[in-house]
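Sending over a structure as C-alpha cells; questions will come in a sec.
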Amino acid sequence: MTIIVTGADGYIGWPTALRIADRTEDRVLLVDNFARREWVSEVGSVSATPVAAIEERLEAAREEIGLHNLSFHEGDLTDRDFVLELLEVHKPDAIVHTAAQPSAPYSQINGERANYTQHNNLQATRNLLFGLEETDQTDTHFIETTTTGVYGAPEFPIPEGGAVMENQGERDEVPFPAMAGSWYHLSKSHDAANMRLAHDQFDVPISDVRTAITYGTGTEETRADDRLATRFDFDYYFGVVAHRFCAQAVAGYPMTVYGKGEQRKPFIALEDAVEGLARLATGDPDDRPDDHVVYNQVTRAISIVEIAETIADVSGEFDLDVDVEHFENPRDEDETHKMEIENDRYAALIDGQSTTYEEGVREILADLVEQEETITAHEDRFLPGVLTE
Ligand SMILES: NC(=O)c1ccc[n+]([C@@H]2O[C@H](COP(=O)([O-])OP(=O)(O)OC[C@H]3O[C@@H](n4cnc5c(N)ncnc54)[C@H](O)[C@@H]3O)[C@@H](O)[C@H]2O)c1
C-alpha cells in the first residue's frame with residue numbers, strides 16, 4: 001500500500017507524513033516543489049526553527065524514529081504530466097493533499113500573486129482529481145486540507161459542511177463554502193466545490209478537511225531530533241497570527257492587534273491537525289461516515305485579543321516583557337465578529353484535543369526563545385509593506 005502526502009516539505013505536510021509513516025507499514029511518498037522555501041525568502045524572511053534539507057530530514061527519520069517507509073519525489077503538481085506519471089507509477093491508496101500557496105496576505109499583494117495562488121492551488125487539485133479518474137484509481141481516498149476560511153464570517157453558527165437554504169417556503173441543504181475573504185481562501189472554496197464535483201462525477205471518496213489556523217512548533221515526531229523540526233514562519237505574509245505574536249513577544253516587540261481584535265477566529269494545535277489527517281489516511285474505509293465528508297478541523301474559536309493576552313501572560317514565565325498594541329486594521333473585517341463553528345465530526349475523529357491553547361503557547365515560547373537571534377534579525381518583517389510588487 002502507498003500513501004502520498006503532497007506539500008510534504010511544508011509546515012503541516014512534513015509532520016503529517018512522519019505521523020502516517022509511524023502508524024503504518026505502508027510506503028509514504030512525499031511530494032513537494034520547495035515553493036514555500038522560495039516564497040518566504042522572497043518576502044525577506046526565514047523560518048525561526050532551522051529547516052533541514054529533505055535528504056537530511058529523511059535520514060533523521062530513519063535514524064531517530066526508525067522510519068524506513070518514507071521516500072521523496074520532487075515535482076510541481078500544476079504539471080499534469082508529472083501528476084499522471086506519479087499516480088500511474090505509485091498507485092496510491094490515499095492522498096493527503098496539503099500542497100498549496102496558503103497565505104492570504106501573499107495572495108492579496110497584487111494581481112500576479114492572486115493569479116499565481118489561484119492557478120497553483122486549483123490546478124494542483126484538479127490535476128490530482130482528474131488524474132485519479134484518468135488512471136482508473138477512483139477508489140483512492142482523497143483528503144485535502146482546505147480551510148475554515150472558506151466559510152467567511154457568517155452571522156450564524158457555521159455547520160460542519162453545507163448550510164440550509166430556504167426560498168419561497170422550500171428548504172434544502174446547499175454547500176456554501178464561497179464566502180471567503182481573500183484570493184487564497186477563495187482558491188480553497190473552489191477546491192471544495194471541485195472535490196464535490198469529482199465525487200459526483202468520478203465517485204472518488206473525499207475528505208474535505210477545513211483546517212483552522214494551526215499553531216505549534218512541532219509534534220511528538222518532529223521533537224525527536226533538530227533535523228526533524230517543521231518550519232515556523234513569523235513574518236507578516238507567512239506567519240499565522242499566533243505565531244507572529246509569539247515571535248514578537250520573543251523579540252521584545254509589542255504584539256500588533258489590528259483594530260479592536262474582538263473577532264473570534266478558529267484555531268487548532270498542529271498535533272491535533274496532524275492526528276486527524278493521519279487517522280483519515282490510515283483508517284478503515286468502512287469507518288468513514290460517508291464517501292464525501294466535510295470536517296471542520298478546529299478545536300476552538302478564540303478572539304485575537306485573547307490570543308495576545310494569553311501570550312502576554314505566559315511570556316512572564318520566560319522573563320519576556322510584552323505589550324499589546326492596537327494598530328489600524330489593514331484588513332476589511334468585522335472586528336467584533338463572534339464566530340461559532342461546529343466541529344463534532346472532527347472532535348470525534350481525534351477523540352478530543354490534546355492540549356489547551358495556553359499549553360500550546362508555552363511550548364511555542366519555550367522553543368522560540370532558543371531562536372531569538374534569528375527572529376530579532378528579521379523583526380522588520382512583522383509588519384506589511386516589505387513586498388509591494
Ligand atoms: N497552516 C495553517 O494555519 C493552515 C490553515 C488553514 C489551511 N491550511 C492549509 O493546509 C495546507 C498546508 O499548509 P501549510 O501551513 O503547511 O503550508 P506550507 O506552505 O508550509 O506547505 C505547503 C507545501 O506545499 C508545497 N507546494 C505548493 N505548491 C506546490 C506545487 N504546485 N507542487 C508541489 N508542491 C507544492 C510548498 O512548497 C509547501 O512545502 C495548505 O493547503 C493550506 O492551505 C493551513
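Each value in this text was obtained by applying a stated rule to the coordinates, not by laboratory testing. Quick caveat, the model's predicted, so the values are computed rather than measured. Neighbour counts run over all protein chains shown; Cβ positions are idealised from the backbone, glycine included.
If you take just the strands (runs of 3 or more DSSP E) that sit entirely in segment 261-376, which of them hold at least 2 residues that are basic (K, R) and under 22 Å from F176 (Cβ atoms)?
264-269
On the phi > 0 side of the Ramachandran plot, over 19 Å from the mean Cα position of the chain (by Cα) and not acidic (D, E): is that true of G259 in this structure?
yes
Next question. Counting only residues that are more than 9 Å from the ligand (Cβ to nearest atom) and not aromatic (F, W, Y), which one in segment 225-241 is surrounded by the fewest Cβ atoms within 10 Å (Cβ to Cβ)?
D226
Separate question: Condition first: under 20 Å from R362 (Cβ atoms) and surrounded by 20 or more Cβ atoms within 10 Å (Cβ to Cβ). Now tell me which residues in segment 252-264 satisfy that.
Those that are under 20 Å from R362 (Cβ atoms) and surrounded by 20 or more Cβ atoms within 10 Å (Cβ to Cβ): Y253, M255.
So, one more: List every residue pair whose Cβ atoms sit under 7 Å apart, with the two residues 6 or more apart in sequence or on different chains, where the first one lies in segment 68-79 and is among the charged types (D, E, K, R) and the second, anywhere, is near the ligand (Cβ under 8 Å from one of its atoms).
E74/D32; E74/N33; D76/N33
Residues in segment 1-46 that are over 23 Å from I109 (Cα atoms), away from the ligand (no atom under 16 Å from the Cβ) and not β-branched (V, I, T): how many?
Here the count works out to 7.
Now, a different point. Output the number of the condition that Q108 fails; it satisfies all remaining conditions of (1) within 11 Å of the ligand (Cβ to nearest atom); (2) surrounded by 17 or more Cβ atoms within 10 Å (Cβ to Cβ).
Tallying (1) within 11 Å of the ligand (Cβ to nearest atom); (2) surrounded by 17 or more Cβ atoms within 10 Å (Cβ to Cβ), Q108 fails exactly one: (1).
Then there's this: From (1) crowded, with 18+ Cβ neighbours inside 10 Å; (2) more than 10 Å from the ligand (Cβ to nearest atom); (3) in a helix (DSSP H, G or I), pick out the condition that doesn't hold for T49.
(3)
Another one. Condition (residue is more than 22 Å from the chain's Cα centre (by Cα) and without any contact (Cβ under 8 Å) to a residue 60 or more places away in the chain) applied to segment 351-361: is it met by at least one residue?
no
Collect the residues in segment 191-217 that are touching a Lys or Arg at 6+ places or on another chain (Cβ under 8 Å), more than 13 Å from the ligand (Cβ to nearest atom) and within 21 Å of A104 (Cα to Cα), keeping them in residue-number order.
Answer for segment 191-217, where residues must be touching a Lys or Arg at 6+ places or on another chain (Cβ under 8 Å), more than 13 Å from the ligand (Cβ to nearest atom) and within 21 Å of A104 (Cα to Cα): just N194.
Looking at segment 254-267, I want the residues that are touching a residue at least 24 places away in the same chain (Cβ under 8 Å) and within 17 Å of G149 (Cα to Cα) and have a partner that is in a strand (DSSP E or B) and polar (S, T, N, Q) with Cβ atoms under 6 Å, at least 6 apart or on another chain. Which pairs are those?
Close Cβ pairs satisfying both conditions: R264/S303.
Report, ordered by the first and then the second residue, all pairs with beta carbons closer than 7 Å, sequence separation of six or more or different chains, a first member in segment 157-179 that is in contact (Cβ under 8 Å) with a residue 24 or more places away in the chain and within 17 Å of S189 (Cα to Cα), and a second member that is among the polar types (S, T, N, Q) and in a loop (DSSP other than H, G, I, E, B).
Close Cβ pairs (under 7 Å, with a partner that is among the polar types (S, T, N, Q) and in a loop (DSSP other than H, G, I, E, B)) amount to E160/N343.
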